[in-house]
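Asks: Sharing a structure with you now.
The values are calculated or read from the model by the stated rules, or taken from the named source; none is laboratory data. Just so we're clear, the structure is a prediction, and the values are computed from it rather than from any experiment. Neighbour counts are summed over all protein chains in view; Cβ atoms, including those assigned to glycine, are modelled from backbone coordinates with ideal geometry. Side chains are part of the model used for accessible areas, which takes the heavy atoms of the whole protein and leaves out ligands, DNA and RNA. Shrake-Rupley method; radii C 1.70, N 1.55, O 1.52, S 1.80 Å.
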Amino acid sequence: MIARGDTVRQDSGAGGSSFSRLRRDPKSFLKLILLGFALVGLPLIIALINSAFSIDRLADQSRKAVYQAAQIAHSSRALADEIATMERAVRQTHILGDTSLLENYFRAHTKFEGMAASLSELSLHTEQKELLTQLQSSEASIFEKISAVRESPEQLRDLIGSFALLRDSARTFFSVGYTLIEREVDEMQDMAGYARFTVGWQLLALIPFAILLAFFFSVRIARPIRQIDEAIRNMGQGELYKPIRVDGPQDLVYFGERLDWMRRRLLKLEEQKTRFLQHVSHELKTPLTAMREGADLLVEGVAGELTEEQQRIARILHSNSVQLQRRIEDLLSYSALQAEKAALVKNEVNLTKILEAVLQDQNLIIMSKGLRIDLSCPELIIDCDEQKIKVIVDNLLSNAVKFSPPGGCIRIWTSKTAEVVQLDIVDAGLGVDEADREKVFEPFYQGRRVLDSHVRGTGLGLSIAREYALAHGGNIVLVPQVGVGAHFRLTIPVCDPEGSHE
């Protein structure tokens with residue numbers, strides 16, 4: 001038996017490679033999946049964050065630009081209005097000669113200074129700042145002159161023309177402000193275009209990278225799953241000699257090691273089963289041979305004449321001993337196949353003579369059931385192992401005899417093509433159940449339609465027959481049959497198959 005400690009010792013013996021492998025791979029399958037999602041999503045998340053920052057910067061700059069443009073536009077109009085108010089107040093004072101009307105001028109002057117101070121606090125361009133400074137200087141000069149002659153309205157006449165230049169300066173400041181705003185809008189449009197271009201190229205670069213990462217991690221995740229699936233499928237098909245190795249996360253590597261432990265355990269059990277079959281078969285064969293020879297002597301009357309009833313019982317003993325011997329030989333043949341001892345000894349033989357010999361061996365049971373044999377077999381010389389081909393034909397024929405009802409007809413015919421020799425046997429029974437078609441060649445499997453008899457079959461006949469056929473490079477198949485009976489077809493290559501056992 002393979003103890004758990006054996007696995008531990010083997011694992012510790014391969015400690016160096018296992019340790020280095022585990023250092024490269026995540027310790028769990030879940031961590032590998034989470035790492036894959038993180039690495040695939042990280043570039044896209046970075047691109048989204050970068051895009052969000054770019055949009056936020058653009059929005060903030062746009063907000064500031066709009067606010068400043070609104071402030072400049074409003075203040076520029078207000079400056080122009082205050083200039084008009086000051087000019088109107090000076091004109092009225094000059095025309096009417098009432099100095100009290102200059103109060104409107106001084107109030108407008110105060111408002112003008114406040115608005116100019118507010119404008120100077122904004123983030124103006126150099127050209128705007130220069131124009132605003134000139135405008136403030138011109139207005140201050142006019143204010144000083146008006147303040148000096150405020151008690152002489154007639155002297156204000158010369159100062160009225162100064163307001164025209166002041167209005168022109170205000171209009172120039174206003175138009176320059178709009179020009180600069182348009183320029184800033186163009187710059188923001190350029191920034192927006194650059195942001196779109198950057199985001200577009202980021203997506204074009206990151207999406208294939210993310211897809212490549214997703215493909216890489218899909219392969220990393222799918223590979224151990226595929227290895228485990230293949231290992232389970234191989235064990236299910238009886239391929240126990242192939243070691244199991246699973247690459248990937250530590251937990252899946254450990255799972256693969258447990259599967260390999262189970263494979264070795266099943267292999268050991270299979271070897272024990274094969275040895276058990278060999279020993280039991282040999283142990284049964286010796287006493288059964290004595291029983292068969294004793295039954296032969298009784299039937300032949302060597303020990304004295306028997307009554308009709310005694311002869312019938314002796315024949316039953318003889319017939320059942322022959323069947324039991326055949327089952328034991330099947331077990332021995334199966335054991336030899338499992339131990340790979342079924343080497344072929346080929347020579348040229350006549351397939352017709354093999355058929356006739358097998359029919360002669362089973363003649364007693366054929367006659368007891370009243371079966372008819374429809375045989376169509378021309379002379380066919382094939383290069384094969386005569387003993388194993390005889391076992392194949394014997395198993396196929398005994399199967400047909402077993403499942404054919406009394407008085408039925410068994411059809412046997414052979415044919416030959418340029419590549420294969422073909423033997424077909426069709427019985428007169430109920431045929432193979434649909435659920436049994438895929439399993440009929442499995443060892444020890446007995447179908448649903450099993451006839452009652454004193455000695456049940458071992459379920460090895462068709463399995464052994466197929467193994468021998470495969471050893472010859474041929475095959476045995478169950479042909480879909482319309483109507484009554486099971487139709488089995490044996491094919492043997494005319495030429496030696498490459499890689500045959502010799």
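Asks: Which of the residues belonging to segment 149-164 are free of Cβ contacts under 8 Å to residues at least 12 places away in the same chain and assigned to a helix (DSSP H, G or I)?
Replies: GLN155, ASP158, ALA164
Asks: Test ASP260 against the criterion of being open to solvent by 60 Å² or more (accessible area, probe 1.4 Å), among the acidic types (Asp, Glu), under 26 Å from the mean Cα position of the chain (by Cα) and modelled with pLDDT of 75 or more, and give yes or no.
Replies: No; evaluated as a whole, the condition is false for this residue.
Asks: Just name the residue that is modelled with the lowest pLDDT out of those in segment 20-36 that are in a helix (DSSP H, G or I) and surrounded by 13 or more Cβ atoms within 10 Å (Cβ to Cβ).
Replies: LEU22
Asks: Looking at segment 136-191 only, could you name the residues that are touching a Phe, Trp or Tyr at 6+ places or on another chain (Cβ under 9 Å) and among the small types (Gly, Ala, Ser)?
Replies: Of everything in segment 136-191, just one residue is touching a Phe, Trp or Tyr at 6+ places or on another chain (Cβ under 9 Å) and among the small types (Gly, Ala, Ser), namely SER147.
Asks: So which of MET191, MET235 is of a type outside the set (D, E, K, R) and within 30 Å of ASP56 (Cβ to Cβ)? Walk me through how you get there before you give the answer.
Replies: Numbers: MET235 fails: within 30 Å of ASP56 (Cβ to Cβ).
Residue meeting the stated conditions: MET191.
Asks: Out of ILE146, ILE142, ILE83, ILE95, I need the residue that is farther than 26 Å from GLU184 by Cα, of a type in the set (A, V, I, L, M, F, W, C), free of Cβ contacts under 8 Å to residues at least 12 places away in the same chain and assigned to a helix (DSSP H, G or I). Which one?
Replies: Only one candidate qualifies: ILE95.
Asks: What are the residues in segment 419-455 that are at pLDDT 80 or above and either assigned to a strand (DSSP E or B) or open to solvent by 70 Å² or more (accessible area, probe 1.4 Å) (or both), if any?
Replies: GLU419, VAL420, VAL421, GLN422, LEU423, ASP424, ILE425, VAL426, LEU430
Asks: Can you find, within segment 167-188, the residue that is most open to solvent (accessible area, probe 1.4 Å) among those that are β-branched (Val, Ile, Thr) and within 13 Å of SER62 (Cβ to Cβ)?
Replies: The initial filter retains those residues of segment 167-188 that are β-branched (Val, Ile, Thr), namely 172, 176, 179, 181, 185.
Narrowing further to those that are within 13 Å of SER62 (Cβ to Cβ): 181, 185.
Details: ILE181: 35, VAL185: 59 Å².
Looking at residues that are β-branched (Val, Ile, Thr) and within 13 Å of SER62 (Cβ to Cβ), I get VAL185.
Asks: Return the residue satisfying two criteria in turn: it lies in segment 143-155 and is over 18 Å from GLU82 (Cα atoms) and open to solvent by less than 60 Å² (accessible area, probe 1.4 Å), and of such residues it is farthest from the chain's Cα centre (by Cα).
Replies: SER152
Asks: Within segment 233-241, is even one residue more than 30 Å from GLU87 (Cβ to Cβ) and of a type in the set (A, V, I, L, M)?
Replies: Yes, that holds for at least one residue.
Asks: May I ask you to say which residue of VAL246, VAL299, VAL322 is surrounded by 15 or more Cβ atoms within 10 Å (Cβ to Cβ) and modelled with pLDDT of 75 or more?
Replies: Going through VAL246, VAL299, VAL322 in turn, the sole match is VAL246.
Asks: Shifting gears a bit: Can you find a residue that is in a loop (DSSP other than H, G, I, E, B) and exposed (fewer than 13 other Cβ atoms within 10 Å of the Cβ) anywhere in segment 191-207?
Replies: Looking through segment 191-207, none of the residues is in a loop (DSSP other than H, G, I, E, B) and exposed (fewer than 13 other Cβ atoms within 10 Å of the Cβ).
Asks: For segment 74-100, name all the residues that are small (Gly, Ala, Ser) and touching a helix residue (DSSP H, G or I) at 6+ places or on another chain (Cβ under 7 Å).
Replies: If we filter segment 74-100 for residues that are small (Gly, Ala, Ser), which is where we start, we get 75-76, 78, 80, 84, 89, 97, 100.
Answer for segment 74-100, where residues must be small (Gly, Ala, Ser) and touching a helix residue (DSSP H, G or I) at 6+ places or on another chain (Cβ under 7 Å): SER75, SER76, ALA78, ALA80, ALA89, GLY97.
Asks: Let me ask another. On the given criteria, is ILE228 part of a helix (DSSP H, G or I), within 35 Å of the chain's Cα centre (by Cα) and surrounded by 17 or more Cβ atoms within 10 Å (Cβ to Cβ)?
Replies: Answer is yes for this residue.
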